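Asks: Sharing a structure here in C-alpha cells format.
The values are calculated or read from the model by the stated rules, or taken from the named source; none is laboratory data. Quick caveat: nothing in here was measured; it's all calculated off a predicted structure. Positions of Cβ are backbone-derived with ideal geometry, glycine not excepted, and every protein chain shown enters the neighbour counts.
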Amino acid sequence: MDQSDDALPYVVTDARSAVDALPDGVVIADGEGLVRLVNDRAAALLGLPPDAAEGKPLADVLAVTNQDGVGWVACTRPYDGLVTRTGVPEQSWVLPSGEEVLVNARIRRAPGHGPVTDVAVSLRSGRGRARLDRERSDLVATVAHELRSPLTGVKGFVQALLNRWDRLNDEQKKLMLTTVHADSDRLSRLITELLDVARLDTGRLSMYPRPCDVPTLTQRVIDSVRAGAPHRIDLETSDDLPRVWADPDKFTQVLTNLVENALRHGSDPVTVTAYRDDSAADLVTVRVDDSGEGIPPEIRRRAFAKFWTTGGRGGSGLGLYLVNGLVRAHGGTVTIGDAAGGGARIVTTWPVLTAQE
C-alpha cells in the first residue's frame, strides 16, 4: 500500500544517525586500530569534531587516562590478549578536561576466535555515578549516626547493670532496663525503616493489608512513644470511625514516624486527629499537628525527598520519604499544611474497608 513521505513513520536511515541518537558516547575502530565512527556525544565528551577523528588511531582519539596518566588503549590493549577476550569491563577514566568518564568496550573477532575485526567503545559521564556514590556515603553516615545514639545508651546501661547490680534497687534496675528496651525498639525501627526504603526504591515492598481499627492502632503508637519519654500527645477521634484496609505494621510505622518527627522538630503538645472527611467518604484522614515553627510552603515539596532534614534536631532524613512511599502504596495521600497553632500539619489518608474486601 502506497503512502506519502509525510505519512511514513520516523526511521533511522543509517548507522551514524543511530549512534548519534544514543545518550552515551560511542567510538568504533576497525581491526587496524583506526577510528571509523564517533558519535556526537563522544565527540562532545572528548572535545573534538566527529569527522576529524575518523581514520586516526584509536589511541589518539580516545584521549582518556587513568590516575597514573596512562591512556586507555595502552592500558587495556584491546587488540592483544586471549583470543576468547570479547570486551573490556567498565572502569573510571579521566577526560582531558579533568571530568570523570566511565568507559567500557566490546571486542568483535573473526569467526573461530580469529583476529579482532572492530572495537566498540562506550563512554558515559561519571556524574551519575558520583551522585550515587554521594548518596551511598550520605546513607552510611546517616545510619552510623542514628545507630550510635541508641547503641551508646544500651551499652552504657548494660555496663552499669553489670558493674553495679548488687548496689542498685529494683526501681533503678527497672528504669535502666526500660530505657534499654526503648533504645532497642528504636534500633529495630531504624533497621526496618532502612529495609523498607530499599524495597521502595527497588519496587519490592511487600504489604499484607487487612481490616484495621484506626483509633486502636493510633492509641498504641501514642502509648509506645510516651513510654520512651514523657510527652503530651492528644488523640481526637470518634467511636464510629470506619475501619481501613491497610497493613497494620505499615500504618503503625507511618504514624510513629509522624509523631516522633512532630516531637523532634516541634514541641508539646502534639495532636493526632482521626476522622472521616465528608468530601471523601471512601477515605479516613489521620492528621498530626505539632507546635513547632512549621514547614515553609516553598520547601514542602522537598520534605518528601530522601535525606531531607531541617533544623538541628537530627534524624535520618528518611522518615517523610518513607511515610510518603508507604501511604501512596496503600492508595492514600500525604500533604503538608499549617497547624492551627502555627506548627506543621501532616495529613494522611487511608482507604476505607469496602464490602468486597
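Asks: Give the residues of the range 158-176 that are under 24 Å from A227 (Cα atoms) and of a type in the set (D, E), sorted by residue number.
Replies: Across the range 158-176, the qualifying residues are D170, E171.
Asks: Please find, among L258, L195, L168, the residue that is surrounded by fewer than 13 Cβ atoms within 10 Å (Cβ to Cβ) and under 24 Å from P150 (Cβ atoms).
Replies: That would be L195, the only listed residue that is surrounded by fewer than 13 Cβ atoms within 10 Å (Cβ to Cβ) and under 24 Å from P150 (Cβ atoms).
Asks: Which is in contact with a Phe, Trp or Tyr (Cβ under 9 Å, 6 or more places away or on another chain) and either basic (K, R) or touching a residue at least 24 places away in the same chain (Cβ under 8 Å) (or both), of K155, K173?
Replies: So the residue among K155, K173 that is in contact with a Phe, Trp or Tyr (Cβ under 9 Å, 6 or more places away or on another chain) and either basic (K, R) or touching a residue at least 24 places away in the same chain (Cβ under 8 Å) (or both) is K173.
Asks: Can you pull out every residue in the range 27-58 that is surrounded by 20 or more Cβ atoms within 10 Å (Cβ to Cβ) and assigned to a strand (DSSP E or B)?
Replies: Once the filter is applied, which keeps residues that are surrounded by 20 or more Cβ atoms within 10 Å (Cβ to Cβ) and assigned to a strand (DSSP E or B), the range 27-58 yields V27, I28, A29, V35, V38.
Asks: Among the residues of the range 166-205, which ones are acidic (D, E) and closer than 30 Å to G325 by Cα?
Replies: Result: D183, D185, E193, D196, D201.
Asks: Mind checking which residues of the range 70-92 are outside any loop (DSSP other than H, G, I, E, B), modelled with pLDDT of 90 or more and surrounded by 12 or more Cβ atoms within 10 Å (Cβ to Cβ)?
Replies: Passing the criteria: G71, W72, V73, C75, T76, G87, V88.
Asks: For the range 265-306, name all the residues that are aromatic (F, W, Y) and more than 28 Å from the chain's Cα centre (by Cα).
Replies: Hit for the range 265-306 is Y275, nothing else.
Asks: Continuing with the same structure: Within the range 208-251, which residues are more than 22 Å from V352 (Cβ to Cβ), exposed (fewer than 15 other Cβ atoms within 10 Å of the Cβ) and touching a strand residue (DSSP E or B) at 6+ places or on another chain (Cβ under 6 Å)?
Replies: Matches in the range 208-251: D234 only.
Asks: Condition test on P115, is it crowded, with 16+ Cβ neighbours inside 10 Å, of a type outside the set (D, E) and modelled with pLDDT of 75 or more?
Replies: When the stated conditions are applied, P115 does not pass them.
Asks: Quick one: is V221 among the hydrophobic types (A, V, I, L, M, F, W, C), out of contact with any His (no Cβ under 7 Å at 6 or more places or on another chain) and not assigned by TED's automatic domain parsing to the domain that holds A339?
Replies: It is false that V221 is among the hydrophobic types (A, V, I, L, M, F, W, C), out of contact with any His (no Cβ under 7 Å at 6 or more places or on another chain) and not assigned by TED's automatic domain parsing to the domain that holds A339.
Asks: Return the total of residues in the range 53-105 being of a type in the set (G, A, S) and over 18 Å from A120 (Cα atoms).
Replies: Residues in the range 53-105 being of a type in the set (G, A, S) and over 18 Å from A120 (Cα atoms): 3 in total.
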